[in-house]
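Heads up: the structure comes next, in structure tokens.
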Amino acid sequence: MLSAADIGISVYNNSYPILVTVGGVDYIPSTGNVILGIAAGAGMVMGGADVDLTGLIANDNLRTVFFEITLDDALKPVHDGQPILAADKVQTFLQLADERINSILTKYNQDFLLGYYSSRQKKYILRRFFDGQDF
């Protein structure tokens, strides 16, 4: 599946274990757009128009394929499961918040600090998010 995709690799080494993600993005034209593009292009060519047909066939379906693995310091696979990253916990917290939050996010050492004003509690709150730790 990755053979025709634009591929990339990312390595996240915040703490033990090392998280490696390999993946790619592939653009798949939809059948309707291909047929419309061919028909419109054939009509324009038969009518004598000089057109660039590449814009008529839109690549509007995006397929993303990725694989994740966790490694120890010796680069051997770890089977303990993938830790939840602090960045993911921040997003989950913001999505589950009872109130609308205008926040400031700052990276501090290996953690994330989220500062926001709680209108319900009437105070400014500073939360710290760690990798691999529950809320």
Looking at segment 92-135, which of its residues are under 16 Å from Tyr12 (Cβ atoms), part of a loop (DSSP other than H, G, I, E, B) and open to solvent by 100 Å² or more (accessible area, probe 1.4 Å)?
Asn109
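Yes/no matrix, rows are residues, columns are (1) of a type in the set (Gly, Ala, Ser); (2) touching an Asp or Glu at 6+ places or on another chain (Cβ under 6 Å); (3) at pLDDT below 65; (4) within 25 Å of Tyr116 (Cβ to Cβ):
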position	(1), (2), (3), (4)
Val45	no, no, yes, no
Ala49	yes, no, yes, no
Ile57	no, no, yes, no
Arg63	no, yes, no, no
Asp72	no, no, no, no
Val78	no, yes, no, no
Phe93	no, no, no, yes
Asp98	no, no, no, yes
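If you check Lys89 against the conditions, is it surrounded by fewer than 12 Cβ atoms within 10 Å (Cβ to Cβ), modelled with pLDDT of 80 or more and basic (Lys, Arg)? Even if it seems obvious, please write down each step before you answer.
Working: surrounded by fewer than 12 Cβ atoms within 10 Å (Cβ to Cβ): no; modelled with pLDDT of 80 or more: yes; basic (Lys, Arg): yes.
For Lys89, the condition - surrounded by fewer than 12 Cβ atoms within 10 Å (Cβ to Cβ), modelled with pLDDT of 80 or more and basic (Lys, Arg) - is not met.
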Would you mention how many residues in segment 6-36 are small (Gly, Ala, Ser) and modelled with pLDDT of 85 or more?
4
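The values are calculated or read from the model by the stated rules, or taken from the named source; none is laboratory data. Values in this document were obtained by computation on a predicted structure and should not be read as measured data. In this analysis, Cβ positions are derived from the backbone assuming ideal geometry, glycine residues included, and neighbour counts consider all displayed protein chains. The accessibility values were calculated without ligands, DNA or RNA, using every heavy atom of the protein model including side chains. Shrake-Rupley method; radii C 1.70, N 1.55, O 1.52, S 1.80 Å.
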